[in-house]
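Enquirer: Questions regarding the structure given below will be posed in turn.
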Amino acid sequence: MDDGSGSALVLDMAVSLKAHPETLKRSVLFLLVSAEEKGLLGSKYFAAHPTVPIKSIVADVNVDMFLPIVPLKILTIQGIDESDLGTRAAAIAQSMGIKPIADPEPLRNRFIRSDQYSFIKKGVPSVKVDVGFEVGTPEQRIFKDWLTKRYHAPSDDVNQPVDLQTAAGYEEFTRRLLLETANDGARPQWKQDSFFRRYAPD
Ligand SMILES: [Zn+2]
């Protein structure tokens, strides 16, 4: 899950979008970064030495440990209220019959704890979306158990139970977010009252 699942999704997405380049008005850059556990080192390096001008990067969609371990009813959108990208992610979830929610545990500061933060600090509107749960439900129990037993442990292996339907639904959600963002005439903007807007150059 951390982060073989995200890497696999990026590879699968690249194959499917490459098969239909005509569907894209903007290019999509597929980035696999290393050393996230050591302090976002790979994404920091890329953000400092990007292969395309940083100003031309309109959005970052980061996929890291999205945890397809329960049926896909809820998506937790990190950055849901920070930019148009968050708003769009929520709208797409709803259009797929999935409930979008903000992080039920905001004190964990997850919006700045994975590779999207390297792009946020360069002013790039970003989201990180995970399979979610409502507080106090059996699903929350499943997530808590996973974090206790498998997070950063050898047991985070391929023999663990995975809800493949949820993984497929999550990938479809991500595809729609990429396509809509790539094809929208307007670039996503940070919200006026977003703390992270201060990083946007203009
Ligand atoms: Zn990790």
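Enquirer: Applying the Karplus parametrisation 6.51 cos²θ - 1.76 cosθ + 1.60 with θ = phi - 60° to the phi angles of the range 65-75, what ³J(HN,Hα) value in whole Hz is obtained for each residue in order, glycine and proline being reported as x?
Expert: With coefficients 6.51, -1.76 and 1.60, one gets 6, 7, 6, x, 10, 9, x, 7, 10, 9, 10 Hz.
Enquirer: Take peptides 119-129, 38-48 and line them up by average Cβ neighbours within 10 Å, highest first, as a rough protection proxy. Walk me through the numbers on the way to the answer.
Expert: Working: 119-129: 24.1, 38-48: 16.1.
Those peptides, ordered most packed to least, come out 119-129, 38-48.
Enquirer: With every protein chain present, what is the per residue accessible area of the range 4-194 (1.4 Å probe, Å²)? Walk me through the numbers before you get to the answer.
Expert: Numbers: 9970 Å² over 191 residues.
Dividing the accessible area of the range 4-194 by its residue count gives 52 Å².
Enquirer: Of 109, 90, 140, whose Cα points farthest to the positive end of the dipole of the range 84-169 (charges on the beta-carbon: +1 Lys, Arg; -1 Asp, Glu; origin at the Cα centre)?
Expert: 109
Enquirer: Among 144-157, 86-99, how do they line up from the highest to the lowest mean number of other beta-carbon atoms within 10 Å?
Expert: On the way: 144-157: 11.9, 86-99: 17.9.
Descending mean neighbour count gives 86-99, 144-157.
Enquirer: Would you mind checking which residues have amide H under 5 Å from residue 75's amide H? H placed 1.01 Å from N; only 5 or more apart, or other chain.
Expert: 99, 101, 132
Enquirer: Tell me the carbon and sulfur percent of the accessible area for the range 4-194, rounded to whole percent, probe radius 1.4 Å.
Expert: Working: 5740 of 9970 Å².
Carbon plus sulfur share of accessible area: 58 percent.
Enquirer: Taking only DSSP H segments of four or more residues, each worth -39500 (n - 2.57), what value at 222 nm results for the chain once the sum is divided by all its residues, to the nearest 500 deg cm²/dmol? Provide the component values of the computation, followed by the final result.
Expert: On the way: 6 runs with 72 residues, N = 202.
Helix-only estimate at 222 nm: -11000 deg cm²/dmol.
Enquirer: Next question, about the same structure. Cut-off 19 Å, label point 7 angstrom out along Cα-to-Cβ of residue 182: give me the residues of the range 10-51 whose amide nitrogen falls inside.
Expert: 10-33, 51, by backbone N distance to the label point.
Enquirer: Sticking with this one: Could you check the spin-label model distance between residue 52 and residue 28? Points 7 Å from the Cα along Cα→Cβ, value in nm.
Expert: My value for the distance between the label points is 1.2 nm.
Enquirer: Right, another one. Rounded to the nearest 20 debye, what is the charge dipole size of the range 44-103 about its Cα centre when +1 sits on each Lys and Arg Cβ and -1 on each Asp and Glu Cβ? Walk me through the numbers before you get to the answer.
Expert: Values: 5 positive and 6 negative charges, 28 e Å.
My answer is approximately 140 debye.
Enquirer: Sequence-distant or interchain residues sharing an amide H contact under 5 Å with residue 126, placed H: which?
Expert: Hits under the 5 Å cutoff: 60.
Enquirer: Further question: Using 0.36 nm times the number of residues separating residue 7 and residue 38, minus their current alpha carbon distance, what extension gain do you get?
Expert: On the way: separation 31, 0.36 × 31 = 11.16 nm, distance 1.72 nm.
Gain in length upon complete extension: 9.4 nm.
Enquirer: At 1.4 Å probe size, put 1, 13 in order of accessible surface, largest to smallest. Please report the intermediate quantities before stating the final value.
Expert: Details: 1 25, 13 5 Å².
Largest accessible area first, the residues go 1, 13.
Enquirer: Taking the mean number of other Cβ atoms within 10 Å as a proxy for protection, how do you rank 102-110, 76-84, 172-180 from highest to lowest?
Expert: Details: 102-110: 12.4, 76-84: 22.0, 172-180: 17.9.
Answer by packing, highest mean first, reads 76-84, 172-180, 102-110.
Enquirer: Moving to a separate point now. Please identify every one of the GluC sites (Glu not before Pro) in the range 1-58 that sits in a loop by DSSP and has no more than 12 other beta carbons within 10 Å of its own beta carbon.
Expert: Values: sites: 22, 36, 37; in loops: 36, 37.
Here the sparse-neighbourhood loop sites are 37.
Enquirer: Moving on. Taking the Cα centre of the chain as origin, sum charge times position over the Cβ atoms of Lys and Arg (+1) and Asp and Glu (-1), and report the length of that vector in debye to the nearest 20.
Expert: Working: 25 positive and 27 negative charges, 112 e Å.
Roughly 540 debye for the chain.
Enquirer: How much accessible area does residue 28 have with a 1.4 Å probe, in Å² rounded to the nearest 10?
Expert: Counting only protein heavy atoms, residue 28 exposes about 40 Å² to solvent.
Enquirer: Between 0 and 90 degrees, rounded to the nearest ten: what's the tilt of helix 4-18 against the longest Cα principal axis of the chain?
Expert: 50
Enquirer: Ok, one more. What is the antiparallel percent of DSSP beta bridges lying wholly in the chain, to the nearest 5?
Expert: Numbers: 5 of 11 bridges.
So the antiparallel bridges in the chain amount to around 45 percent.
Enquirer: Then there is this: Simple spin-label model, 7 Å along Cα-to-Cβ: residue 19 to residue 108 in nm?
Expert: Placing both labels 7 Å beyond Cα along the Cβ direction yields 3.4 nm.
Enquirer: Counting only pairs 8 or more residues apart or on different chains, how many lysine pairs in the range 89-202 have their Cα atoms under 29 Å apart?
Expert: 10
Enquirer: Starting from the Cα of residue 38, draw a straight line to each of the aspartates and glutamates and keep only those under 16 Å, dropping any in the same chain fewer than 8 residues away.
Expert: Excluding near neighbours in sequence, the set is 2, 3, 64, 115.
Enquirer: If you don't mind, there's one more thing I want to ask. Before anything else, pin down the relative contact order of the range 4-194: Cα pairs under 8 Å, at least 6 apart, normalised by residue count, whole percent.
Expert: Working: 252 pairs, mean separation 58.8, N = 191.
Answer for the range 4-194 is 31 percent.
Enquirer: Any chance you could give the angle, 0 to 90 degrees and rounded to 10, that helix 164-183 forms with the longest Cα principal axis of the chain?
Expert: 10
The values are calculated or read from the model by the stated rules, or taken from the named source; none is laboratory data. Bear in mind the structure is a predicted one, so any value in this text is a computation, not a measurement. In this analysis, Cβ positions are derived from the backbone assuming ideal geometry, glycine residues included, and neighbour counts consider all displayed protein chains. Just so you know, the surface numbers come from the protein's heavy atoms only, side chains and all, with ligands and any DNA or RNA stripped out. Shrake-Rupley method; radii C 1.70, N 1.55, O 1.52, S 1.80 Å.
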